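The values are calculated or read from the model by the stated rules, or taken from the named source; none is laboratory data. Fair warning: this is a prediction, and the values are worked out from it, not measured in the lab. Every residue, glycine as well, gets a Cβ built from its backbone with ideal geometry; the counts of neighbours run over all protein chains shown.
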Amino acid sequence: MYSMEYGRRGKKMNVLYNDRTDLLYIRLDEKKQEVINRRVSEDVVLDIGEDERLIGIEILDASKHVNLEKLLPVKYEISRKVSL
């Protein structure tokens, strides 16, 4: 699971990516509120909140639709423990 936070002018946007499920979620509003899910395609669901405002975007099979390396500039490597 990867999480990035972007902020500007007092507003924050959170980007969450689950590499196990290949799900990307972009949260545009921090306010806790009830949302309505609107599926706009097979792989994209919008979360709509109060006053019909866009609160979040969920992208299924994200690696097929988004260049994750540019969006999530996280580099990691898996290393094995070596016994001495």
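Could you list all residues from region 34-58 that are surrounded by 12 or more Cβ atoms within 10 Å (Cβ to Cβ) and under 19 Å from Lys12 (Cα atoms)? If you could, list the steps in order and put the result at the bottom.
Taking region 34-58 as the starting set, the residues that turn out to be surrounded by 12 or more Cβ atoms within 10 Å (Cβ to Cβ) are 35, 43-49, 53-58.
Within region 34-58, Val35, Leu46, Asp47, Ile48, Gly49, Arg53, Leu54, Ile55, Gly56, Ile57, Glu58 qualify.
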Test result for Leu72, touching a residue at least 24 places away in the same chain (Cβ under 8 Å), crowded, with 16+ Cβ neighbours inside 10 Å and not acidic (Asp, Glu): yes
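Mind listing whichever residues of region 37-58 are in a loop (DSSP other than H, G, I, E, B) and of a type outside the set (S, T, N, Q)?
First pass over region 37-58, keeping only residues in a loop (DSSP other than H, G, I, E, B): 40-43, 49, 53.
Answer for region 37-58, where residues must be in a loop (DSSP other than H, G, I, E, B) and of a type outside the set (S, T, N, Q): Val40, Glu42, Asp43, Gly49, Arg53.
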Pair list, Cβ under 9 Å, 6 or more apart: region 18-46 residue of a type in the set (Ser, Thr, Tyr), other residue part of a loop (DSSP other than H, G, I, E, B): Thr21/Leu60
Which of the residues belonging to region 59-69 are assigned to a loop (DSSP other than H, G, I, E, B), surrounded by fewer than 15 Cβ atoms within 10 Å (Cβ to Cβ) and at pLDDT 90 or above? Asp61
